[in-house]
Amino acid sequence: MAKDCESKTKRCTIMVSILTIIVLLNIAIQIIGMVGTVEIEKSHISQNTSFSLNPIPDNYYNQSNTLPEGVTVSEFLNKGKWTDKYEKGGWDCSQMSAYTEFVLENNGVHCIIVKSDKMEHAWVMVETEDGLIAYETTGRFYMYKDKMTALRHGSNDYNASFYTEGVRYESIYDVWEDNKEYRDWFISEFKWWGQNNE
């Protein structure tokens, strides 16, 4: 009987020791995994923030031009020289919006870039005689705030809610300031210059 108890005690001690080793190994694995995660996150952050020079060209806005005499903003936009070949992740809504804002501002027309993370979309607001109107750069049309305004301009395009979302930026510099810690993302999303889209 004493040998039986002694044998059970040894087995219990061995089992407790094994369980302790397993628990310690699991803790060690979790700590190593967390350290690896922290190192990965740190390297990701340093890649995004270590080179945060502004990628926007000097004299981006020269505003030395005006629209040609007798040409409306709509006519000017419809006759734009940029290509309409939409390419997700490339020449898409954000680059088209940045380019449209650049062209209009440099021709004396006030324009705002709008970016909505919720809708994963960008467009511009163009100053018109009716105030700021949403302009869908991927399809080259105004999106009026209500049906009456749309009909007055000979359009059926209106949506009171979709184009009210998002963050409004007065200039490309404001987009940069709000997103400069994500330099690579900013370049991939908004850098149209240096490409053959003009």
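The values are calculated or read from the model by the stated rules, or taken from the named source; none is laboratory data. Small disclaimer: the values here were computed from a predicted structure and weren't measured. Because the Cβ atoms are built from the backbone with ideal geometry, glycine has one as well, and the counts that use them run over all protein chains shown.
Of all residues in the range 123-172, which are of a type in the set (Ser, Thr, Tyr) and under 22 Å from GLY89 (Cα atoms)?
Listed by number, the residues that qualify are TYR135, THR137, THR138, TYR163, TYR169, SER171.
Quick one: would you say CYS111 is in contact with a helix residue (DSSP H, G or I) (Cβ under 6 Å, 6 or more places away or on another chain), under 27 Å from PRO68 (Cα atoms) and of a type outside the set (Gly, Ala, Ser)?
Spelling it out, CYS111 is indeed in contact with a helix residue (DSSP H, G or I) (Cβ under 6 Å, 6 or more places away or on another chain), under 27 Å from PRO68 (Cα atoms) and of a type outside the set (Gly, Ala, Ser).
Kindly provide the set of residues from the range 62-87 that are at pLDDT 80 or above and either in contact with a His (Cβ under 9 Å, 6 or more places away or on another chain) or under 18 Å from ILE187 (Cα atoms) (or both), ordered by number.
SER74, GLU87
Could you please tell me which pairs satisfy a Cβ distance under 8 Å, a separation of 6+ or placement on different chains, a first residue in the range 88-111 that is within 16 Å of ILE187 (Cβ to Cβ) and touching a residue at least 60 places away in the same chain (Cβ under 8 Å), and a second residue that is assigned to a helix (DSSP H, G or I) and among the polar types (S, T, N, Q)?
GLY89/SER188
Out of the residues in the range 139-178 meeting the condition of being among the polar types (S, T, N, Q) and surrounded by fewer than 16 Cβ atoms within 10 Å (Cβ to Cβ), tell me which one is modelled with the lowest pLDDT.
The qualifying residue modelled with the lowest pLDDT is SER161.
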